[in-house]
Amino acid sequence: MPSPRPIVPPPSATALFADAGALRRSYLRLISLSSTLGHLDQLLAVSLASGHYTLDHAPASSLLLRYASLRSPPAHLLRLYRAFPRPDRFLRNSLLRSLPTLRADLLFPSPDSFSFAFAATSLASSCSRGGISPPSAASAALRPLHALAVASGFAADNFVASALAKLYFTLSRGNDARKVFDAVPSPDTVLWNTLLAGLSGSEALEAFVRMAGAGSVRPDSTTLASVLPAAAEVANTTMGRCVHAFGEKCGLAQHEHVVTGLISLYAKCGDMECARHLFDRMEGPDLVTYNALISGYSINGMVGSSVELFKELVGMGLRPSSSTLVALIPVHSPFGHEPLAGCLHAHVVKAGLDANAPVSTALTTLYCRFNDMDSARRAFDAMPEKTMESWNAMISGYAQNGLTEMAVALFQQMQALNVRPNPLTISSALSACAQLGALSLGKWVHKIIANEKLELNVYVMTALIDMYVKCGSIAEARCIFDSMDNKNVVSWNVMISGYGLHGQGAEALKLYKDMMDAHLHPTSSTFLSVLYACSHGGLVKEGTTVFRSMTSDYGITPGIEHCTCMVDLLGRAGQLKEAFELISEFPKSAVGPGIWGALLGACMVHKDGDLAKLASQKLFELEPENTGYYVLLSNLYTSKKQYSEAAVVRQEAKSRKLVKTPGCTLIEIGDRPHVFMAGDRAHPQSDAIYLYLEKLTAKMIEAGYRPDTEAALYDVEEEEKEHMVKVHSEKLAIAFGLLNTEPGTEIRIIKNLRVCLDCHNATKIISKVTQRLIVVRDASRFHHFRDGVCSCGDYW
């Protein structure tokens, strides 16, 4: 008879919990060790097959977070979450932390501070890394998220406020971030640190002083690491030393990341001796510290020292990172280091870092400085994922090298890809529009600022003023200037210069006085703007007074540009003898082509052949390849009927194979630019334009117009001379504009050369007979023609 089977008692509750705990620990360990989505899929399959997945929240939350860290699609994360019949708050928060877009339904029921903070942090991270959620989508989600946090009673929570403020800063909405901070009655150290890290320059320094003065919170090492870059940004060595002393007093200055921040601060302020001293005091500086000092040497033009430190780093067995190469690339002192640039680029390619965004951005910037735009564009295009810095580098590179149409086209491409610009991008795009004189494009960029709710900081506002000034809308520029709460010296300079560009010298002087009354210290650029305005307004006495006060009252030594403006001021007013005598007072280093060119231009206006010959001889010695000087002297001789002398000058230019820059005029109709050359018949509407011009010329003659043919070729008949000036590019562009716009519409044109006397006289008459305002931007200034009168008062 078989023995009875032993009865096995059921496992105790303690044993079951022990097995469950062991299984949980196994799952958590395997999840942490998983490095691919495939590994996680295997773990998920096992847990689903065993039924364990829906029973234990902890491994499920850990699995969800690991999927998110490995960039699993949001739809997959949602499926994992929905597999739980009763997800708890912890699991909901894990999902909020992982999704790149806001799902408001996941906040409820019973959200806590982690719910709102995780949702904001996830959106900020997605924007920073160029993730699935574009900044525009994050910006749209931020307002309801913030509103829900306020409605749920978490507006004063430090943890939530810190996450919201960081997101606002990520989206370049600093004013909103400050409002979040101000809504917290007792901000803690973390919230202060978020504010300091998000603010720029002097604003961050002021906030730090406020924090230290309040005494309610104790700064930590992160506080100092956040405020030191702000002091470096504005090169405020005094404030930087105060922060250093504060750190020593509080025992925070020995933290490695604080020392690295101090090295970077002193380096950016030009005190490499102090930076090196801090570096040498460190025991075993790490790679980040090496990078800070290498960058400091590069910034200060000590490229040889940066290379030597790089060799030392490699010799110690430290492996250079992408940040090391960014620091080493001689962006700040590129000239004379072309071979080094080539070697570094080759090393970047060999190391497989040519797709690294910071490295490629540094190379893009470097090639832009060399004006090698093809290489710059190749480095830019090599980046599979472009950062905001890379877009800014390429757009500003195009703008700074005069390739304004390419800059605008790239900005338009950026918009088409739904990449949200930041203030620097906007400033570069506005600069390109200003150079082009493209008002419609400038207004389009202005509209983007409003639509994207970008922060209107002083740099963007100043760029807007400059754009409207250079596109002919001086009134709009002044409206923006008056709306600014915080104007810096550059803002005042741009507005003063704008009035000069538009021939409103009296307004420029009035604004200069307002600037003095506001207790702002004028800079060298301020005086240049005022002198320019006086020169174009014929304000000789006022300009001379400003020029003298520059040295006597402010201790600023006049530069080449100031001296050129003074010669131009006196020369335009017909005081050629005084202008020539003033040149003898200038230091020899200041007397260059600009000064002699200003004198030659004045001689052309006032028909002084002898002094013109002297000035042109100096110019031919200094710049023998500049065609413009030959043209001016030849035109002067022609106007005085000294045809043989004019022929000699033309022959000299011809023997040097110099070619005169062809005149062209641009006009925008709608959003489309149209360019005309003298005698142009390439335009589709050429027949209509010439027919209209014939009829218009007849009306002009009835109103008193007589062609001025002084500067036309001397060896053709008078009738032919009249035809030659009649088909200048300005007249063709104006006729096209009149044909294609409604009566009363303002006409705006841009001429690449100085407008000639005949076209100036003709445009005055056209404005009268057509009752149109015609705005002309030529190579030196703006002319506003209305009712037969020009804003320049025939003084240009």
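The values are calculated or read from the model by the stated rules, or taken from the named source; none is laboratory data. None of these values were measured; they are calculated from a predicted model. Glycine gets a Cβ as well: all are built from the backbone with ideal geometry, and neighbour counts include every protein chain shown.
General observations
- Residues of the stretch 709-760 that are surrounded by fewer than 19 Cβ atoms within 10 Å (Cβ to Cβ) and modelled with pLDDT of 90 or more: Leu739, Asn740, Thr741, Glu742, Pro743, Gly744, Thr745, Glu746.
- Restricting the stretch 570-582 to residues that are in contact with a Leu (Cβ under 7 Å, 6 or more places away or on another chain) and closer than 23 Å to Asp794 by Cβ leaves a set whose member that is surrounded by the fewest Cβ atoms within 10 Å (Cβ to Cβ) is Glu578.
- Hey, Ala235 surrounded by fewer than 23 Cβ atoms within 10 Å (Cβ to Cβ) and under 20 Å from Ala212 (Cβ atoms) or not: no
- Residue match in the stretch 239-247 (condition: under 26 Å from the mean Cα position of the chain (by Cα) and surrounded by fewer than 23 Cβ atoms within 10 Å (Cβ to Cβ)): no
- Of the helices (runs of 4 or more DSSP H) lying entirely inside the stretch 459-544, those containing at least 1 residues that are acidic (Asp, Glu) and in contact with a helix residue (DSSP H, G or I) (Cβ under 7 Å, 6 or more places away or on another chain) span 474-483, 505-517.
- Residues in the stretch 516-537 that are within 13 Å of Val567 (Cα to Cα) and aromatic (Phe, Trp, Tyr): Tyr532 only.
- Gly261 being part of a helix (DSSP H, G or I), touching a residue at least 12 places away in the same chain (Cβ under 8 Å), of a type outside the set (A, V, I, L, M, F, W, C) and under 24 Å from Pro330 (Cβ atoms): yes
- Residue within the stretch 678-692 that is at pLDDT below 85 and of a type in the set (Lys, Arg) present: no
- Subset of the stretch 304-324 (residues that are among the hydrophobic types (A, V, I, L, M, F, W, C) and modelled with pLDDT of 90 or more): Val307, Leu309, Phe310
- Here Glu283 fulfils each of the conditions (1) charged (D, E, K, R); (2) over 19 Å from Ser323 (Cβ atoms); (3) assigned to a helix (DSSP H, G or I) apart from (3).
- Failed condition for Pro185, given (1) buried (at least 17 other Cβ atoms within 10 Å of the Cβ); (2) modelled with pLDDT of 90 or more; (3) of a type outside the set (Val, Ile, Thr); (4) in a loop (DSSP other than H, G, I, E, B): (1)
- Residue match in the stretch 537-554 (condition: closer than 22 Å to Ser491 by Cβ, surrounded by 16 or more Cβ atoms within 10 Å (Cβ to Cβ), over 29 Å from the mean Cα position of the chain (by Cα) and of a type in the set (Gly, Ala, Ser)): yes
- The residues on offer are Glu405, Glu389, Glu452, Glu385, and the sole one that is of a type in the set (Asp, Glu) and in contact with a Lys or Arg (Cβ under 8 Å, 6 or more places away or on another chain) is Glu452.
- Conditions (1) under 24 Å from Leu753 (Cα atoms); (2) over 10 Å from the mean Cα position of the chain (by Cα); (3) without any contact (Cβ under 8 Å) to a residue 40 or more places away in the chain; number of the one not met by Ser431: (2)
- Residue within the stretch 212-222 that is buried (at least 21 other Cβ atoms within 10 Å of the Cβ) and of a type in the set (A, V, I, L, M, F, W, C) present: no
- Leu622 in contact (Cβ under 8 Å) with a residue 24 or more places away in the chain, on the phi < 0 side of the Ramachandran plot and touching a Ser or Thr at 6+ places or on another chain (Cβ under 9 Å): no
- Residues of the stretch 188-216 that are hydroxyl-bearing (Ser, Thr, Tyr) and part of a loop (DSSP other than H, G, I, E, B): Ser200, Ser216.
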